[in-house]
Amino acid sequence: MTGLGEAVRRSAAAARDLMLPRGCAGCDRPDQVLCDDCRAVFQGCEPRVLTGCAMGGAMACAPYRGETRHAILGWKDHGDEELDGVFGELLADLAQRGGLIAWCRGLPASDLPVWVVPLPSSSRSMRRRGRHHTMPLAKAVAARMRAQGVDAVAVAALLSTATGGRSVEQGNAADRGRRIGGHIVCDDSYGMRGRVVVLVDDIITTGATMRQCAAVAGDAGACVATLLALAQTPSAATR
Ligand SMILES: [Zn+2]
């Protein structure tokens with residue numbers, strides 16, 4: 001039924017798009033996926049405390065409010081997949097602007113590519129969306145890093161056990177995850193030890209999930225460089 005529901009939803013969206021030209025996801029200005037004014041709002045670099053990461057903190061493109069909130073909600077919860085490309089570029093720009101790519105270039109030579117790891121969603125959210133929505137962001141960041149001479153690849157190496165994901169069954173990993181990271185665990189099919197990891201998320205709100213992911217990756221032997229997000233709630237920066 002989920003597959004059929006998804007097909008119906010996509011057909012309805014396609015029919016709507018034929019009849020009505022789309023508006024900007026941020027401000028509804030006609031005919032653009034994200035207009036220049038809204039895009040400009042995403043071109044900041046907001047720091048956020050993330051203890052234990054090698055670059056000293058996380059960073060977000062913009063505050064989560066107004067146009068940024070409208071656009072991210074449309075993408076995340078209403079299936080506006082046309083924004084994948086735009087948001088991927090904006091996050092890749094942040095990787096550059098925030099110094100991540102230069103930092104990675106300064107790392108000692110290694111045969112291990114940098115892993116760009118999207119934060120996991122609960123299995124229920126994945127089913128509802130029909131996809132891992134932060135993966136296109138991670139892929140765009142990894143592609144920009146490769147284009148700038150840093151060996152990098154997007155890997156979904158973290159899992160959420162929040163609503164009975166398969167990692168709940170994974171004994172030791174799940175126990176470790178619950179102890180350190182609440183509902184986040186490493187996917188045991190990937191080895192984190194010795195990896196440089198960049199975390200990618202859509203919105204930082206309380207920062208709890210971000211901290212859990214960083215702690216779990218660190219415990220598994222990874223060096224977490226930073227976390228990149230599209231937006232953070234305005235009050236979050238001082239928490
Ligand atoms: Zn706009």
Report task. Could you bin all the Cα-Cα distances of segment 42-238 into 5 Å bins starting at 0 and give me the percent of pairs in each, rounded to whole numbers? Result -> 1, 8, 17, 21, 21, 17, 10, 3, 0
Query raised in the report: So how much accessible area does Glu46 have, in Å² to the nearest 10, using a 1.4 Å probe?
Result: 50
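The values are calculated or read from the model by the stated rules, or taken from the named source; none is laboratory data. All figures in this text were calculated on a predicted structure; none of them were measured in a lab. Keep in mind that these areas ignore ligands, DNA and RNA; they rest on the heavy atoms of the full protein, side chains included. Shrake-Rupley method; radii C 1.70, N 1.55, O 1.52, S 1.80 Å.
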